[in-house]
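A short worksheet on the structure shown next.
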């Protein structure tokens, strides 16, 4: 599985747009990029997944450049409840298991 | 439509005792995964099961740990003769398909404390 690198932590303020970038230089042709969110004392929750260009859903947007060596999770107008750990995962969706890194601890301030 | 259920939510065991963690997947899901999370760490894959079959146990310690997913009833992760290092949060996830979208639905976890 491709190794990912993302910031250990980030702070932002309510109402701001937050962008979390993930580097995955060794991404393979069959790999997808998936983001999970984990609140304290809860299990992770799937946010968004993409292969290339841009994907948007009701929660977030995912931007993937043409070379796919990085990706950016964009959270519009964050609130205090968006404080969580965000995991960037890269792998072949045919794999059975998900490999989690340490994620990015996002702290939203009032 | 209930999500993934895990019980107990908190479990305290003394060293040497056995711990049994239960996981009921989402309705209709026949694929179950167990993960372990240490404080300040990401989740580590342990085992993947389908009904009555262990598909991938590459992340499971060779000794003291076992998992099952019987035809009827929840999946069970069993830890024999627990040690302090087993203290962690154990998460179960389920999915509808084995492959396809990397989307797994996680339960709230069981926090095991070994004293």
Exercise for the section: Report whether or not residue A:95 is part of a loop (DSSP other than H, G, I, E, B) and within 11 Å of chain B (Cβ to nearest Cβ). Expected result: yes
Problem - Complete set of residues in the range B:10-29 that are surrounded by fewer than 16 Cβ atoms within 10 Å (Cβ to Cβ) and closer than 17 Å to residue B:105 by Cβ - result: B:27, B:28
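Considering each of A:90, A:55, A:78 in turn, give the residue that is farther than 25 Å from residue B:44 by Cα and either free of Cβ contacts under 8 Å to residues at least 40 places away in the same chain or part of a strand (DSSP E or B) (or both). Walk me through it before giving the result.
On the way: A:90 fails: farther than 25 Å from residue B:44 by Cα; A:78 fails: either free of Cβ contacts under 8 Å to residues at least 40 places away in the same chain or part of a strand (DSSP E or B) (or both).
Step by step, each of A:90, A:55, A:78 is checked, and only A:55 is farther than 25 Å from residue B:44 by Cα and either free of Cβ contacts under 8 Å to residues at least 40 places away in the same chain or part of a strand (DSSP E or B) (or both).
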Fill in the blank from the handout: Note: among B:108, B:70, just one is closer than 30 Å to residue A:9 by Cβ and either modelled with pLDDT of 90 or more or in a loop (DSSP other than H, G, I, E, B) (or both), namely B:108
Exercise for the section: State all residues of the range B:24-61 that are away from chain A (no Cβ under 11 Å), over 15 Å from residue B:6 (Cα atoms) and part of a strand (DSSP E or B); if no residue qualifies, say none. Expected result: B:53, B:54
Problem - residue A:43 surrounded by 14 or more Cβ atoms within 10 Å (Cβ to Cβ), at the interface with another protein chain (Cβ under 10 Å from one of its Cβ atoms) and either within 27 Å of residue B:108 (Cα to Cα) or under 12 Å from the mean Cα position of the chain (by Cα) (or both) - result: yes
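The values are calculated or read from the model by the stated rules, or taken from the named source; none is laboratory data. All of these numbers come straight from a predicted model, not from anything done at the bench. Note: ideal-geometry Cβ built from the backbone for every residue, glycine included; neighbour counts use all protein chains shown.
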